[in-house]
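> My questions all concern the structure below.
We did not get these values from a lab; they are worked out from the coordinates using the rules stated. Fair warning: this is a prediction, and the values are worked out from it, not measured in the lab. All Cβ positions, even for glycine, are placed from backbone atoms using ideal geometry, and neighbour counts span all protein chains on display.
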């Protein structure tokens, strides 16, 4: 299975998973043109998309969900809360499939399980995607961890995990007070320290790679997130950084 991080950050988010030519998209914050360009740049230009999964309704994740769905004629998956909140953005799409948190569905070669995360959205989701020989966990927007999150991500061979902000940078930065409070709340975004604690709880011998996601440009620096994540993962897992302005090359999982 191959994973592509097409964009990750506060402005736009999009991922692709491919196995045997079949693919699923996760989130659609990029324009249709940029989505196509970054698919090609990452080595996914000839994939056959089957579905678009949405984590939640915030614009940096769903801004072009309707465009992507119609372009590839694929259904959109998400919780009832997420899909209802995206109604205006989605428009007329080829199909909608309810994937409530705690449920599992087969999508081509993938087994997808959604789980609830703490974020200020209608009914946001993290995902665990399994295939014949592996398991990937995705948790990119959450203000706090939980036993459910830890249990969902345990045993994964790869994880995409939010490392949004450095706490000192956030509190000493220029953001207005209300926004600082929102980000730091238990339904906001994971700090580097909180994310590293979560990573430390789920790390195991079979965890090959952790991709640091959703880094804030204003309130974080890659070297700060990398330092604490490497301390949590030790030598067991490779640490990679999701990028806002460029895609990562395809990762073999």
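> With a 10 Å Cβ neighbour count serving as the proxy for reagent exposure, in which order, fewest first, do 1, 15, 241 appear?
On the way: 1 21, 15 27, 241 17.
Fewest-to-most Cβ neighbours within 10 Å comes out as 241, 1, 15.
> Using the Cα gyration tensor of region 1-101, with a ≥ b ≥ c the square roots of its eigenvalues, what is the shape: rounded (a/c below 1.5), prolate (a/b larger than b/c) or oblate (neither)?
Working: a/c = 1.66, a/b = 1.39, b/c = 1.20.
Note, shape of region 1-101 comes out prolate.
> Turning to a different aspect of this structure: Among 231, 23, 213, which one shows the highest mean-square fluctuation when the chain is modelled as a Gaussian network with alpha-carbon springs under 10 Å?
Among 231, 23, 213, the largest mean-square fluctuation in the Gaussian network model of the chain belongs to 231.
> Mind checking which of 140, 55, 80 has the largest fluctuation in a GNM of the chain, springs on alpha carbons under 10 Å?
The residue that fluctuates most here is 80.
> Can you give the FRET efficiency to the nearest 0.05 for residue 171 and residue 48, using r as the Cβ-Cβ distance and R₀ = 45 Å?
Numbers: r = 46 Å, r/R0 = 1.03.
For R0 = 45 Å, the calculated efficiency reads 0.45.
> State, to one decimal in nm, how far the label point of residue 208 lies from the label point of residue 186, with both points 7 Å from Cα in the Cβ direction.
For the pair residue 208/residue 186, the computed spacing is 3.6 nm.
> Shifting gears a bit: Extension gain residue 100-residue 246, at 0.36 nm per residue separation less the Cα-Cα distance, in nm? Before the final figure, lay out each step's value.
Details: separation 146, 0.36 × 146 = 52.56 nm, distance 3.13 nm.
Result: 49.4 nm gained on full extension.
> Classify region 194-242 as rounded, prolate or oblate from the Cα gyration tensor: take a ≥ b ≥ c as the square roots of its eigenvalues, call it rounded if a/c is under 1.5, otherwise prolate when a/b beats b/c and oblate if not.
Prolate, since a/c reaches 1.5 and a/b exceeds b/c.
> Continuing with this model, one more query. Sort 226, 106, 162, 18 by Cβ crowding within 10 Å, fewest neighbours at the top. Present the calculation step by step, with values, prior to reporting the outcome.
On the way: 226 17, 106 8, 162 28, 18 23.
Arranged by neighbour count, lowest to highest, 226, 106, 162, 18 become 106, 226, 18, 162.
> Just want the ordering: 207, 39, 190, 224, from fewest to most Cβ atoms lying within 10 Å of their own Cβ. Mind showing how you got there, number by number?
Working: 207 21, 39 24, 190 28, 224 17.
Taking fewest neighbouring Cβ atoms as first place, the list is 224, 207, 39, 190.
> Tally the DSSP beta bridges in the chain and give the antiparallel ones as a percent, rounded to 5.
Numbers: 27 of 51 bridges.
DSSP beta bridges in the chain are roughly 55 percent antiparallel.
> Under a plain spin-label model, where a point goes 7 Å from the Cα along Cα-to-Cβ, how far apart in nm are residue 218 and residue 151?
Here the answer is 3.7 nm between the modelled labels.
> Right, next: Once you've got the GNM for the chain with C-alpha springs shorter than 10 Å, pick whichever of 36, 76, 160 has the biggest mean-square fluctuation.
Among 36, 76, 160, the largest GNM mean-square fluctuation belongs to 36.
> Looking at the square roots a ≥ b ≥ c of the eigenvalues of the Cα gyration tensor of region 80-219, which shape do they give, rounded for a/c under 1.5, prolate if a/b is larger than b/c, or oblate? Kindly include the intermediate steps, with their values, before the conclusion.
On the way: a/c = 2.27, a/b = 1.20, b/c = 1.89.
Taking the square roots of the gyration eigenvalues as a ≥ b ≥ c, region 80-219 is oblate.
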